[in-house]
Amino acid sequence: MTTDINESSDAFDANAKEKALRADSEAWDTSTPEDAKPDDIPTINLDAYFSSGSETDLNDVAEQLRVACEETGFFSIIGHHVTSKDIDTTFDQIRRFHSMPLETKKQILMDRPDWPVGGMGYLPLKNRKLPARQTGNVNEALIIKIDDELGMNDNQWPDPAVIPGFREHIEHYAAQMEALGKRMLPIYARALDMPIEFFTEAFVKPLYRLRMTHYPSVERDPENAFGIAPHVDTSFCTILAQDQPGLSIFSERRKVWVNAPVVKDSFIVNTGELLKQWTNDRFLSTRHFANNNNSGQSRYSIPFFFNANPHYVMTCIPSCCSDDNPAKYPPISYAQSQGVVQGE
């Protein structure tokens, strides 16, 4: 997607970008991941800044985020002010949903002909979407999607008589994730030497997806290669909760795949293609995949894919381009850039 900034965004070919990323991912050697070292995935504590709002605390956390986004593309956050109870309750609700009979879940099947909006609802086991791969992803998921035109009522929800309270809990969690993403925007702006309100307008009505994923326990073989196939996200950032290890990322520092640990009461955050392009490749978009356990115990994860308003046109951030480093990408909106789908 390296296109001169003076070209129209119409010159951008989303399908070509998706094919290129897919070809890259299929060439990655993921066979020998190792356990992450302490600095492979930095931990950033947001509590001081979220509590005080002070310039000193903002500068401190922004510098940590800048280093993480430029050098690793992944980091953990603690002190995010989302309670353990809310996270645990959300995992409990997702386990309730996935424990329902398959035929019940299929009543809200994603992309079924009689539902007017695609990309939301139940995605069955061994699906070949999100990301698209020849070998099916060994997971099942429920996905909700919100943007400037779609609200909670536009999504597919299980019958409340079958699973009472489920929708209310998930809506509450989604609202917390949206609020968390917006509270982090000044940190991203300061990390990029921009005014702290730089991203505000772009995220007035953001697009987000909440994916509630179940990875059943399986033995890994060529037919069960990945819970989620290797990919990069298309998001501004992804905020991930996971109940057990299973995520592996590529360490750009050490040029090896590493297994991400689960840190109590933390989220793992990564940069996606949207922010990579917006920063003129200054911030990394890091490759990753997910495995299933083979211990007889299922794994669950809840990635929140956070994006700008789908129709907001993003022009290269001024601090990320210059006469010596011209913009690589045309002004483009998320909607115009689609054709690459999101994964873990």
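Read-outs throughout are calculated quantities, based only on the coordinates presented, and are distinct from any laboratory measurement. Owing to the predicted nature of the structure, the values given are computational and were not obtained by experimental measurement. Heads up, the Cβs are rebuilt from the backbone with ideal geometry, glycines too, and the neighbour counts pull from every protein chain shown.
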- [ ] Report the FRET efficiency, 1/(1 + (r/R0)^6), for residue 109 and residue 193, where r is their Cβ-Cβ distance and R0 is 45 Å, rounded to 0.05.
- [x] 0.45
- [ ] Sum up the charges of everything whose Cβ sits under 10 Å from the Cβ of residue 291, counting Lys and Arg as +1 and Asp and Glu as -1, but leave residue 291 out.
- [x] +2
Task: Relative contact order for the range 259-344, counting Cα pairs under 8 Å that sit 6 or more residues apart, in percent - done: 29 percent
TODO: Give the order of 69, 237, 321 when sorted by the count of other beta carbons within 10 angstrom, beginning with the fewest.
DONE: 321, 237, 69
- [ ] Calculate, in nm to one decimal, what residue 319 and residue 99 gain on full extension: separation in residues at 0.36 nm each, minus their alpha carbon distance.
- [x] 74.3 nm
Task: Using a Förster distance of 30 Å, the FRET efficiency for residue 78-residue 162 (Cβ separation, nearest 0.05) - done: 0.25
Task: Ranked 267, 305, criterion: other C-beta atoms within 10 Å, fewest first - done: 267, 305
- [ ] Would you tally the net charge around residue 172, using a Cβ to Cβ cut-off of less than 12 Å, leaving residue 172 out, and scoring K and R as +1, D and E as -1?
- [x] -2
Task: Cross-link table 255/328; 205/255; 37/276; 85/145; 105/276; 106/264, entries beyond 30 Å C-alpha to C-alpha - done: 205/255; 105/276; 106/264
Task: Between the range 42-118 and the range 151-211, the alpha-carbon center distance in angstrom - done: 9 Å
Task: Length-normalised contact order for the chain - Cα pairs under 8 Å, 6+ apart - percent - done: 25 percent
Task: Net +/- balance of residues flanking residue 105 in space, Cβ distance below 15 Å, scoring K and R +1, D and E -1 - done: +3
- [ ] Note the per residue figure in Å³ for the convex hull of the C-alpha positions in the range 9-337.
- [x] 142 Å³
Open item on the list: Please arrange 278, 28 by how many other C-beta atoms lie within 10 Å of their C-beta, fewest to most.
Closed with: 28, 278
